[in-house]
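Participant: My structure is below; once you've seen it, I'll send some questions.
The values are calculated or read from the model by the stated rules, or taken from the named source; none is laboratory data. Keep in mind it's a predicted model, so treat the numbers as computed, not measured. No Cβ is skipped: glycine too gets one built from the backbone with ideal geometry, and neighbour counts run over all protein chains shown. Only protein heavy atoms, including side chains, enter the accessible area calculation; ligands, DNA and RNA are left aside. Shrake-Rupley method; radii C 1.70, N 1.55, O 1.52, S 1.80 Å.
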Amino acid sequence: MRRLLALLLLPLVFGYQLSDYTGGDVYLQPGRETVLSLPFPEGNACLPVAVLFVRGGEDYPVIRVNGKPLEGGGVHRIVLEGNVVEVNASTSLPAVIEGNSLIYCTTDPFITVEYVPPSPIVVGNYNFLHIAIKNEGFSPGEVNLLLAFHPNLAPYHPPYTRLRIPAKSSVTYNMFLLASPFEMRLSSHPRVCVAYVDSIMRVRECDGPVPTRSEVRPVVRCVNGVCINSSNVVLELNGASVYPGDVLPEGVLEQISGLNVEIVKKTLTSGNDVFRAQTGNLGWVFILLGLVVVAVRYAGFL
């Protein structure tokens with residue numbers, strides 16, 4: 001089926017399958033480095049990319065495309081730079097780069113996702129999850145945001161399940177997560193993925209998982225002006241007990257500032273940033289985006 005993908009490449013856009021230059025699949029042998037030098041997919045008003053289909057397990061091989069590392073089996077998608085496509089591959093176990101891998105120049109959306117920064121999920125606490133979604137392509141993309149949470153984690157505000165990412169732009173998507181206050185078991189937070197369809201294939205792009213860590217300390221987090229006890233510690237204020245997850249009464253921040261309690265203030269928004277990407281002969285393209293606001297409702301804390 002994948003061998004028919006090249007037929008879908010848009011007219012006037014230069015693209016080819018790897019097998020056009022290798023004669024078929026590229027077999028990687030343990031202890032040997034495989035080096036390929038391929039033509040650069042130059043085109044008019046399009047983004048040069050490579051999509052490699054790799055068989056070889058989860059943690060091998062290691063493939064570098066123009067110096068950028070790609071690890072493990074599966075589908076690897078990468079934006080190309082320079083004037084030639086240099087592939088250097090090595091493996092600890094037998095692996096294959098399929099001959100139907102594509103090197104082409106596209107006008108489609110080209111979207112990637114990553115945690116920024118990849119901070120550990122704090123078990124028994126409250127967390128902020130930052131997701132950066134970047135579209136380096138020449139067209140806007142409609143993506144499904146796929147988030148699978150650990151049973152002990154839950155988003156405070158229902159996450160968006162579908163986002164529109166304009167061309168040549170990046171979107172920072174922020175989430176506020178609640179963890180079971182007294183749950184101290186460690187687990188890995190699942191990957192976050194985006195899924196969409198371009199003119200070539202169905203794309204699923206992921207990042208993660210994010211590890212977890214256990215932490216017990218008095219922390220108060222104020223989210224959009226609402227302050228909560230976000231730790232595993234019961235705070236004693238003038239004879240009153242403030243339990244984990246409780247909203248702090250107004251005007252008590254000064255009272256607890258001298259009690260060795262960390263106070264973190266956060267305004268939860270999702271903002272769009274402009275970035276620069278290689279655009280072939282058109283030079284740099286700038287598109288200024290608006291703001292997407294994710295509100296944390298006060299009533300939800302009660």
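Participant: So if each residue of separation counts as 0.36 nm, and I subtract the Cα-Cα distance between residue 164 and residue 213, what length gain in nm does that give?
Facilitator: Values: separation 49, 0.36 × 49 = 17.64 nm, distance 3.30 nm.
Extending this stretch completely gives an extra 14.3 nm.
Participant: Fully extended, how many nm does the chain gain between residue 93 and residue 130 (0.36 nm per residue separation, minus their Cα-Cα distance)?
Facilitator: Contour length minus the Cα-Cα distance gives 9.8 nm.
Participant: With every protein chain in place, what's the accessible area of residue 93 (1.4 Å probe, Å², nearest 10)?
Facilitator: Approximately 80 Å² of residue 93 is accessible to the 1.4 Å probe.
Participant: Mind giving me the nanometre distance, one decimal, between the label points for residue 83 and residue 71, set 7 Å out from Cα along Cα→Cβ?
Facilitator: My value for the distance between the label points is 3.4 nm.
Participant: In addition: With every protein chain kept in the model, how would you rank 139, 169 by accessible area, 1.4 Å probe, largest at the top? Don't skip to the end; give the middle numbers.
Facilitator: Values: 139 35, 169 0 Å².
Ranking 139, 169 by accessible area, largest first, yields 139, 169.
Participant: So, one more: Suppose R0 equals 41 Å; then what is the FRET efficiency for residue 252 and residue 144 from their Cβ-Cβ distance, rounded to the nearest 0.05? Before the final figure, lay out the partial values.
Facilitator: Details: r = 42 Å, r/R0 = 1.03.
That pair, residue 252 with residue 144, gives E of 0.45.
Participant: Here's a follow-up. Can you tell me the FRET efficiency between residue 265 and residue 116 if r is taken as the Cβ-Cβ distance and R0 is 25 Å, rounded to the nearest 0.05? If you can, show how the numbers build up before the last one.
Facilitator: Numbers: r = 20 Å, r/R0 = 0.80.
Calculated transfer efficiency: 0.80.
Participant: On a straight-distance basis, which lysines could pair with residue 134 in a cross-link, Cα separation under 22 angstrom, same-chain partners fewer than 8 positions away excluded?
Facilitator: Excluding near neighbours in sequence, the set is 68, 168.
Participant: How many nm separate the modelled label positions at residue 16 and residue 195, each set 7 Å beyond the Cα in the direction of the Cβ?
Facilitator: 3.5
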